[in-house]
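This report refers to the structure that appears directly beneath it.
The values are calculated or read from the model by the stated rules, or taken from the named source; none is laboratory data. Computed from a predicted model, the values in this text were never measured in an experiment. All Cβ positions, glycine included, derive from the backbone under ideal geometry; neighbour counts span all protein chains shown. Each accessible area value is taken on the protein alone, full model and side chains, heavy atoms only, with ligands, DNA and RNA left out. Shrake-Rupley method; radii C 1.70, N 1.55, O 1.52, S 1.80 Å.
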Amino acid sequence: LKTPPPPLSIRQSVQVQVPRNYTSTCTKSTNLIILRTTAKMQQALLDFLVFCTTTATFLFHTKRQHQQITSDGSATSTSILDKYQETTNSTKLKEALEQNKTLNATERVCTVTSDNIPTPNGHLRAQMRLEKLWHRATYIVVRHDENGDDSDQSDEDTFILVQRRSNIKDYCPGKLDPTPGGVVGYNEPYEVNAIREIEEEMNIRVVVKREQGGTDDKCDKSQSTIERLFTFPYQDEKVNVWGELYEVVYKGSLSDILIQPEEVSEMKRLSLSQIENMIKEDPDDWMPDGLYALKLYLQRKSDIKLKRRLLKGYSSGDLDSYSLRPKPKVIFFDCDDCLYFDNWTVANQLTAKIEEWCTTKKKLPEGKAYELYKTHGTALRGLLAEGLMENEESAIDDYLKDVHDVPIHKHLSQDDRLREMLLAIDPSIPKFIFTASVRHHAERCLKALGIEDLFIDIIDVKTCNLATKHSREAFEAAMAHAGVDEPECCLFLDDSTKNIAAARSVGWR
């Protein structure tokens with residue numbers, strides 16, 4: 001536009017290059033072009049200039065409303081939030097909800113049953129909060145990995161992006177959230193919500209990572225990814241929610257993060273160790289369901305590292321209803337061939353003693369004892385069931401004494417390594433011997449190994465009313481004896497996979 005153009009006729013087309021600086025003034029030559037065009041073309045050009053100016057102004061104000069994260073890993077937002085009052089006070093929050101004056105109060109959200117089945121029409125967000133309705137929400141662990149290193153890292157080297165919620169939120173305003181996300185909208189899939197929330201609140205664009213390690217798009221290692229991990233229920237006195245946890249691996253720079261001021265007031269880049277210390281110092285400063293989601297994330301991360309299998313029927317075995325494993329309240333140890341292993345020497349002698357008792361005391365044919373064992377679970381139960389011995393306590397005691405008359409000290413000796421291993425287990429958890437043999441046999445084994453003082457008690461075949469560890473009855477009797485009523489709080493160690501399968505069917509770990 002620096003050189004005046006040649007004269008133009010009315011029928012000739014006009015091409016005008018608009019300067020990038022929309023606030024600059026038109027040059028003299030530009031005015032000449034406009035004067036030589038039709039009135040319609042003049043108006044079109046003026047409309048274009050107005051549009052560009054308006055757009056530039058809008059983008060300028062929008063940019064000012066979003067605050068970038070600074071190099072020290074934190075940021076604050078100073079956007080205009082006058083439309084909504086602060087809700088950090090519980091009374092004010094309730095009043096604002098009742099008047100539909102909270103942020104997104106009239107948004108229709110996905111409410112569900114306690115089994116995570118969506119309700120027909122959803123509910124307004126304010127109603128969901130007031131009535132503490134079950135609903136869906138996404139939780140996202142944003143792991144910052146600027147160097148693109150996906151290898152396993154220590155807690156000191158693993159950094160995640162933590163949000164401080166704005167003071168106008170309708171839930172946990174002003175609290176730190178280690179797993180930012182959002183309430184799922186009506187008819188909105190979890191995944192769509194997670195992708196939308198992470199972009200709106202933090203300006204992070206992601207590609208979806210699937211279980212096999214692939215992504216929806218062909219991407220290079222510099223692109224940030226999002227991966228669905230599991231779905232979980234959470235409830236307390238303030239909220240009932242079915243959350244779905246995602247992990248975002250953010251590979252961009254902190255300076256590219258833009259926080260949404262009405263949702264987020266501050267952003268921090270913290271290591272897992274820093275988060276742990278901050279929680280210890282002030283646990284009330286954190287969003288409780290966000291902390292729970294983070295604990296689930298760390299549990300799953302540990303399970304994957306240890307290659308722990310997902311077992312159906314367990315709290316940590318169902319990724320569609322994931323939960324924390326409770327701390328064991330009791331540990332049950334089998335005795336023979338579990339606390340020790342002597343190449344089945346003692347076990348073979350016990351089998352020979354049973355065979356000898358049946359052939360000499362009861363004059364049964366050879367092999368009958370094994371046949372009774374296969375049919376009834378133990379030879380003793382078979383003898384009683386088929387009427388081959390008296391069903392009296394004295395007769396049962398004599399049988400158990402005779403068949404366990406084995407020289408234990410000739411085969412077992414003190415095991416210091418075993419003792420150290422048992423002592424290293426959490427001493428606050430009581431330990432029991434749970435054996436299919438009789439008490440006096442287990443006592444002699446423990447004494448020979450030098451560990452008789454490390455167990456609360458011995459649960460033997462008589463404690464279980466002669467039931468075998470192939471049956472539910474035996475495990476229920478053991479729980480009653482140990483004084484525990486939650487199956488998943490029972491940890492069981494045994495050398496028999498058949499016994500372990502039976503324990504698992506009851507809910508033991």
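I'd like to know if segment 382-397 contains one or more residues that are part of a helix (DSSP H, G or I), more than 16 Å from Leu350 (Cβ to Cβ) and among the β-branched types (Val, Ile, Thr). Looking for residues that are part of a helix (DSSP H, G or I), more than 16 Å from Leu350 (Cβ to Cβ) and among the β-branched types (Val, Ile, Thr), one finds at least one in segment 382-397, hence yes. Annotation note: of Thr375, Thr359, the sole residue that is within 52 Å of the chain's Cα centre (by Cα) and part of a helix (DSSP H, G or I) is Thr375. For Ala478, the test of being among the small types (Gly, Ala, Ser), closer than 14 Å to Phe333 by Cα, assigned to a helix (DSSP H, G or I) and open to solvent by less than 40 Å² (accessible area, probe 1.4 Å) is passed. Scan segment 481-509 for residues that are acidic (Asp, Glu), in contact with a strand residue (DSSP E or B) (Cβ under 9 Å, 6 or more places away or on another chain) and part of a helix (DSSP H, G or I) and the total you get is 0. Checked against (1) of a type in the set (Val, Ile, Thr); (2) farther than 17 Å from Phe492 by Cβ; (3) touching a residue at least 12 places away in the same chain (Cβ under 8 Å), Ile331 passes all but a single condition, namely (2).
Which of the residues spanning segment 301-346 are part of a loop (DSSP other than H, G, I, E, B) and β-branched (Val, Ile, Thr)?
Result: no residue meets the conditions.
Taking (1) buried (at least 21 other Cβ atoms within 10 Å of the Cβ); (2) closer than 27 Å to Thr91 by Cα; (3) not hydroxyl-bearing (Ser, Thr, Tyr) in turn, Lys238 satisfies each apart from (1).
The residue list Thr91, Thr113, Thr106, Thr102 contains one member that is touching a Ser or Thr at 6+ places or on another chain (Cβ under 8 Å) and farther than 14 Å from Tyr171 by Cβ, which is Thr113.
Residues that are surrounded by fewer than 13 Cβ atoms within 10 Å (Cβ to Cβ), of a type in the set (Lys, Arg) and on the phi < 0 side of the Ramachandran plot within segment 298-315 comprise Lys305, Arg309, Lys312, listed in sequence order. Residues of segment 162-195 that are farther than 11 Å from Tyr139 by Cα, within 21 Å of the chain's Cα centre (by Cα) and charged (D, E, K, R): Lys175 alone. Is it true that some residue in segment 104-124 is farther than 16 Å from Val239 by Cα, open to solvent by less than 10 Å² (accessible area, probe 1.4 Å) and under 23 Å from the mean Cα position of the chain (by Cα)? No, segment 104-124 contains no residue that is farther than 16 Å from Val239 by Cα, open to solvent by less than 10 Å² (accessible area, probe 1.4 Å) and under 23 Å from the mean Cα position of the chain (by Cα). Of the residues making up segment 263-292, those that are open to solvent by 40 Å² or more (accessible area, probe 1.4 Å), within 19 Å of Asp157 (Cβ to Cβ) and of a type outside the set (A, V, I, L, M) are Lys268, Arg269, Gln274, Glu276, Asn277.
Does segment 424-439 contain any residue that is in a helix (DSSP H, G or I), closer than 21 Å to Gln349 by Cα and open to solvent by less than 10 Å² (accessible area, probe 1.4 Å)? The answer is no; no qualifying residue exists.
The set of residues from segment 459-474 being within 21 Å of Leu418 (Cβ to Cβ) and either over 36 Å from the mean Cα position of the chain (by Cα) or assigned to a loop (DSSP other than H, G, I, E, B) (or both) comprises just one member, Asp460.
Being open to solvent by less than 20 Å² (accessible area, probe 1.4 Å) and more than 13 Å from Asp334 (Cα to Cα) is the filter here; which residues of segment 491-509 pass it? Within segment 491-509, Ala502, Val506, Gly507, Trp508 meet the criteria. So which of Thr345, Thr351 is hydroxyl-bearing (Ser, Thr, Tyr), farther than 21 Å from Val249 by Cβ and free of Cβ contacts under 8 Å to residues at least 40 places away in the same chain? The unique qualifying residue is Thr351.
Within segment 321-339, being open to solvent by 20 Å² or more (accessible area, probe 1.4 Å) and either on the phi > 0 side of the Ramachandran plot or not aliphatic (A, V, I, L, M) (or both) holds for Ser321, Ser323, Arg325, Pro326, Lys327, Pro328, Lys329, Asp336, Asp337, Cys338. The set of residues in segment 345-385 that are open to solvent by 90 Å² or more (accessible area, probe 1.4 Å) and acidic (Asp, Glu) comprises Glu356, Glu366, Glu371. Annotation note: of Lys368, Lys307, Lys312, the sole residue that is at pLDDT 90 or above and among the basic types (Lys, Arg) is Lys368. Open to solvent by 20 Å² or more (accessible area, probe 1.4 Å), out of contact with any Cys (no Cβ under 7 Å at 6 or more places or on another chain) and farther than 20 Å from Pro288 by Cβ - does that describe any residue in segment 158-179? Looking for residues that are open to solvent by 20 Å² or more (accessible area, probe 1.4 Å), out of contact with any Cys (no Cβ under 7 Å at 6 or more places or on another chain) and farther than 20 Å from Pro288 by Cβ, one finds at least one in segment 158-179, hence yes. With respect to the conditions (1) over 30 Å from Glu452 (Cβ atoms); (2) open to solvent by less than 50 Å² (accessible area, probe 1.4 Å), Asp318 falls short on a single one, namely (2).
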